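No lab work stands behind these numbers, since they all come straight from the coordinates. As the structure is a computational prediction, the values presented were derived from the model and not from experiment. Cβ coordinates were reconstructed from backbone atoms using ideal geometry, including for glycine residues, and neighbour counts include every protein chain displayed.
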Amino acid sequence: MTPDELYQLKFPIGEFTPPAYIPTSLISTWIAIIEEFPNDLKIATSNLSLTQKNWKYRPGGWSLKQIVHHCADSHVNAFIRFKLSLTENTPTIRPYFEDKWAEMIDGKDDDLKDSIGLITSLHSKWSKLLKNLKNSDYEKTYVHPEYGKSFQLDEVIGTYAWHCQHHLTHIKLALDAEGKYD
């Protein structure tokens with residue numbers, strides 16, 4: 001497999017690049033994606049066999065079940081980062097090692113129910129928060145020490161809408177590959 005083919009599998013919808021100008025209509029679209037993610041995830045993962053849950057979307061990539069558990073971990077962190085940004089002045093957030101988290105017992109659990117339940121509840125709460133932000137809230141920021149820069153909340157909303165679509169596409173790729181990359 002060529003490096004270009006691997007890149008296509010790793011970033012099937014491309015990497016997220018925030019637009020220079022983010023209108024509120026785009027933010028609303030992104031919030032809708034975040035709000036709909038739990039239902040989209042349930043549909044994408046319903047009635048999977050144990051074998052399918054272990055399929056990978058690319059060589060060296062995570063299994064389908066690890067993707068689901070990663071989304072729960074990642075989005076919990078994102079929600080906390082939002083709350084910190086809304087209640088503190090440019091907080092420095094704490095990064096985490098997502099690759100190590102994916103290898104933990106809960107990251108490899110065959111049962112997706114807890115992570116999907118967590119995502120469902122979390123996204124309900126997160127969507128309510130996002131829908132009630134004021135325009136001035138979008139300008140609030142946090143510092144991500146791994147990148148050494150500040151991220152504005154309007155951009156972060158877009159990042160997580162992309163993240164939802166990115167991993168839904170990974171799940172579809174894993175199912176389409178039918179164990180080819182295991």
Check your understanding: Tell me which lysines have Cα within less than 20 Å of K180's Cα, excluding those fewer than 8 residues away on the same chain?
Key -> K10, K53, K56, K65, K108, K172
Review point. Given labels modelled 7 Å from the Cα in the Cβ direction, how far is it in nm from S25 to S49?
Key: 4.7 nm
Revision key, fill the gap. For segment 113-182 the GluC sites (Glu not before Pro) that pass both the DSSP coil test and the at-most-14 other-Cβ-within-10 Å test are E146, E178
Review point. Stretch K149-D40 to full length: gain in nm at 0.36 nm per residue minus the Cα-Cα span?
Key: 36.0 nm
Study note, to complete from the structure: Rounded to one decimal in nm, the spacing of the 7 Å Cα→Cβ label points at N89 and I105 is 4.4 nm
Exercise for review: Select from L133, L84, L118 the residue whose mean-square fluctuation is largest in a Gaussian network model of the chain (Cα-Cα springs shorter than 10 Å).
Suggested key: L133
Study note, to complete from the structure: Cβ-Cβ cut-off under 12 Å around K140, Lys and Arg +1, Asp and Glu -1: the net charge is -2
Revision key, fill the gap. Expected max-MSF residue from H75, H170, H144 in the GNM of the chain (alpha carbon, under 10 Å) is H144
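Neighbouring Cβ atoms within 10 Å as the yardstick, rank F97, F37, F11 fewest first.
If I rank by nearby Cβ atoms, fewest first, I get F97, F11, F37.
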Review point. If you count, for each residue, the other Cβ atoms within 10 Å and average over each peptide, how do 29-36, 12-19 line up from highest to lowest?
Key: 29-36, 12-19
Check your understanding: To the nearest 500 deg cm²/dmol, what mean residue ellipticity at 222 nm is calculated for the chain from DSSP H runs of n ≥ 4 alone, each contributing -39,500 (n - 2.57), summed and divided by the residues?
Key -> -19500 deg cm²/dmol
